[in-house]
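K.L.:
Right, I'll just put the structure down here and ask away after.
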């Protein structure tokens, strides 16, 4: 990402500068956590990375190629699972294969394996209404991985979950991403979650969003929940909170 800025024109507020000259590099296979106050432009940044939104100025390249259109090699996971209520768990996972005109039947075995990897073995035939919210999020994660994307983009995927389920999902995500070697962009309001998961944590300023800090997390992998008690982990969390600074009035607190 090179000197990327994004400006919107709105009817009520006129010109709004969402992102201001953001630049960074990411290596293949890195897990990059992104933190910042609510409304600072984190989601806009993700959309620019994946070609869903065009920057006003600046450029994004992946493997030397400019990103100009929405990318096929991206898996998306959002705060709400957004599952099709009339499709079973495995049919929801297979949806991207259908949209990409792939062979749905040959992908069924892989879909079952992905559901098993997120703790849903035996739940393949259940519908979303028969699954807990945490289970629905697990289906959403499996769906994002079914087409073997190069990049996994996760926009506050665990924000609506209770603390215990959130920690369980973070542990599952660690196992999956470490085994599959995906490049991951993970937006969160939880500093401890960002440190727990990330190889790096990008700290963004309030709007217009600027890159305040790029913190490398030198905590060995594989990681477990025990990592959260280590002095180095706590120090990283304190450093990132200090970079975020005090909350502005009207901003959602960063945990």
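The values are calculated or read from the model by the stated rules, or taken from the named source; none is laboratory data. Here the structure is a predicted model, which is why all the values come from computation and not from measurement. Because the Cβ atoms are built from the backbone with ideal geometry, glycine has one as well, and the counts that use them run over all protein chains shown.
K.L.:
For segment 156-190, which residues satisfy the criterion of being assigned to a helix (DSSP H, G or I) and over 24 Å from residue 244 (Cβ atoms)?
P.N.:
First pass over segment 156-190, keeping only residues assigned to a helix (DSSP H, G or I): 163-180.
164, 165, 168, 171, 172, 175, 176, 177, 178, 179, 180, listed by residue number.
K.L.:
OK, next. Which of the following residues is under 24 Å from residue 232 (Cα atoms) and surrounded by fewer than 19 Cβ atoms within 10 Å (Cβ to Cβ): 173, 164? Spell out how you get there, then give the answer.
P.N.:
On the way: 173 fails: surrounded by fewer than 19 Cβ atoms within 10 Å (Cβ to Cβ).
Answer to the check: 164.
K.L.:
For segment 92-123, name all the residues that are over 23 Å from residue 174 (Cα atoms) and part of a loop (DSSP other than H, G, I, E, B).
P.N.:
100, 101, 102, 103
K.L.:
So residue 129 clears everything in (1) surrounded by fewer than 20 Cβ atoms within 10 Å (Cβ to Cβ); (2) under 19 Å from the mean Cα position of the chain (by Cα) except one condition, right? Which one?
P.N.:
It is condition (2) that residue 129 fails.
K.L.:
Tell me yes or no: at least one residue of segment 50-59 is touching a helix residue (DSSP H, G or I) at 6+ places or on another chain (Cβ under 8 Å), loosely packed, with under 14 Cβ neighbours inside 10 Å, in contact (Cβ under 8 Å) with a residue 12 or more places away in the chain and assigned to a loop (DSSP other than H, G, I, E, B).
P.N.:
Yes, segment 50-59 has at least one match.
K.L.:
Could you grab me the full set of residues in segment 199-225 that are outside any strand (DSSP E or B) and within 18 Å of residue 178 (Cβ to Cβ)?
P.N.:
Step one: list which residues in segment 199-225 are outside any strand (DSSP E or B), which gives 199, 205-208, 210, 217-225.
Within segment 199-225, 199, 217, 218, 219, 220, 221, 222, 223, 224, 225 qualify.
K.L.:
Checking residue 153 against (1) crowded, with 22+ Cβ neighbours inside 10 Å; (2) under 14 Å from the mean Cα position of the chain (by Cα); (3) in contact (Cβ under 8 Å) with a residue 40 or more places away in the chain; (4) not in a strand (DSSP E or B), which single condition isn't satisfied?
P.N.:
With (1) crowded, with 22+ Cβ neighbours inside 10 Å; (2) under 14 Å from the mean Cα position of the chain (by Cα); (3) in contact (Cβ under 8 Å) with a residue 40 or more places away in the chain; (4) not in a strand (DSSP E or B) applied to residue 153, the lone miss is (4).
K.L.:
With (1) in a helix (DSSP H, G or I); (2) modelled with pLDDT of 95 or more as the list, and residue 34 as the residue in question, which single condition is left unmet?
P.N.:
Result: residue 34 fails condition (1) only.
K.L.:
Just give me the residues in segment 226-243 being under 21 Å from residue 175 (Cα atoms) and either touching a helix residue (DSSP H, G or I) at 6+ places or on another chain (Cβ under 6 Å) or part of a loop (DSSP other than H, G, I, E, B) (or both), in sequence order.
P.N.:
Correct list: 227, 230, 233.
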